[in-house]
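Asks: I have a structure here, written as structure tokens, and I will follow up with some questions on it.
What follows is calculated from the coordinates using simple rules that are stated; it is not laboratory data. Note that the structure is a prediction, hence the values are computed from the model and not measured.
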Amino acid sequence: MNSVVTQRFINCHNKLKSEQRVRSSRQFALSLDYLPQSLSEILKNRRDVTIELLRKAIALYKINPVYLFTGEGPMFMKEEGHKNFRVLTILTDSQNDERIVHVPIPAQAGYASDLSDPVFVQNLPSFSLPDYKYKVGTHRSFDVSGDSMEPTLFEGDKVICSFLEPSLWTSSVKKNYVYVIVTASDVIVKRIQNHDKDAKVLELASDNNYYDPYAVKLSEIREIWYVRAKISPFLPSPQNIKNLLREEVRDLKEAMQQQSEIIQNLYQSMEGLAPNNKD
């Protein structure tokens, strides 16, 4: 028995044929780089449609993914809505629960450029967390690189994020919250300083004041992920923190003492060089 998504895919195929947007099922299959025999099996309710076939059909024929997965809305998208849509690849376990895909630093450049390649995402490591909030929706985790988000995030930390649908970018992006911004060339962890809805621009800020804020157009963004939690590889004990503070205070005292001695010696040298004032 075919899934409901497969049946809706068949409905879209039939609609394309009835409107003569495709001449035949064979031509439809070949346009999607798919074997006509395999498509015939789908149309005869003998197998389910694959995610890759859905992705290609959405991209080429502007099939509405909302209709495919929920049954709501029109079968096909308008051109404006299609430009901002991308299929998000997910991974599931044997119980069909969605797993959290992790994007390590070495893979981040490839992730930014190969979002449409499901094989790339499927080869990334994945894991699950027991908290129920990570069982609902799609989540990713990303390695943090550099020092731009210190003291909030340090290099080596991992941020766990929930996916923000592109349709919600204008209304749901919150100022002063931390997000992972994926562009065509980079994965960026930043705090949203300002959101100019009229200009469709996000102003991104670092928690490290050494780095200046900068703006990114929404049209340049491919994905937005809301940071919900972080995993740190090292957490010093309270005793270690106290010892570090004591060491810093001691070093500061020693530096101040050295500066005082230098100033005193300089003062004495100046007195020795000054001419005697005698009547």
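Asks: Most fluctuating residue of Ser141, Ser232, Ser18 in a GNM of the chain with Cα springs under 10 Å: which is it?
Replies: Among Ser141, Ser232, Ser18, the largest GNM mean-square fluctuation belongs to Ser18.
Asks: Ok, one more. Which of Leu16, Leu30, Leu68 ends up with the largest GNM mean-square fluctuation for the chain, with Cα atoms connected below 10 Å?
Replies: Residue with maximal mean-square fluctuation among Leu16, Leu30, Leu68: Leu30.
Asks: Multiplying the sequence separation of Ala59 and Val201 by 0.36 nm and subtracting their Cα-Cα distance, what value in nm do you get?
Replies: Difference between extended and current length: 48.5 nm.
Asks: Which residue, Ser260, Ser31, Ser162, tops the fluctuation ranking in a GNM of the chain built on C-alpha contacts under 10 Å?
Replies: So, out of Ser260, Ser31, Ser162, the one fluctuating most is Ser260.
Asks: Between the helical axis of 4-18 and the dominant principal axis of the chain, each derived from Cα atoms, what acute angle in degrees is found, rounded to the nearest 10?
Replies: 60
Asks: Using a ≥ b ≥ c from the Cα gyration tensor of the stretch 125-209 (square roots of the eigenvalues), is it rounded, prolate or oblate, where a/c under 1.5 gives rounded and otherwise the larger of a/b and b/c decides, a/b for prolate?
Replies: Note, shape of the stretch 125-209 comes out oblate.
Asks: For a quick check: with amide H placed at 1.01 Å from N, whose amide H comes under 5 Å from Val201's, ignoring anything fewer than 5 positions away on the same chain?
Replies: When sequence neighbours closer than 5 places are left aside, the close amide H contacts are Asp196, Leu218.
Asks: Would you mind checking the pairs Lys56/Lys217; Lys175/Lys197; Lys17/Lys56; Lys15/Lys56; Lys135/Lys158 and listing those with alpha carbons more than 23 angstrom apart? Intermediate values should be presented prior to the final figure.
Replies: Details: Lys56/Lys217 27 Å; Lys175/Lys197 12 Å; Lys17/Lys56 17 Å; Lys15/Lys56 17 Å; Lys135/Lys158 18 Å.
Among Lys56/Lys217; Lys175/Lys197; Lys17/Lys56; Lys15/Lys56; Lys135/Lys158, the Cα-Cα distance tops 23 Å for Lys56/Lys217.
Asks: Using a/c under 1.5 as the rounded threshold, could you call the stretch 97-145 rounded, prolate or oblate? The axes a ≥ b ≥ c are square roots of the C-alpha gyration tensor eigenvalues, and prolate needs a/b larger than b/c, oblate otherwise.
Replies: Details: a/c = 2.46, a/b = 1.64, b/c = 1.50.
Verdict is prolate for the stretch 97-145.
Asks: Out of these labelled values of P(r) over Cα pairs in 10 Å bins from 0, in percent, (1) 6, 30, 36, 22, 6, 0; (2) 6, 20, 24, 18, 12, 7, 5, 4, 3, 2, 1, 0, 0; (3) 7, 27, 31, 21, 10, 3, 0, which was calculated from the coordinates shown here?
Replies: (2)
Asks: Each residue of the stretch 61-69 in turn: what ³J(HN,Hα) in whole Hz from Karplus with 6.51, -1.76, 1.60 and θ = phi - 60°, glycine and Pro shown as x?
Replies: 10, 6, 5, 6, x, 4, 5, 4, 9
Asks: What residues have an amide H closer than 5 Å to that of Asn208, excluding those fewer than 5 places away on the same chain, when H is modeled at 1.01 Å from N in the peptide plane?
Replies: Under 5 Å from the amide H of Asn208 lie the amide H atoms of Met149, Glu150, each far enough along the sequence or on another chain.
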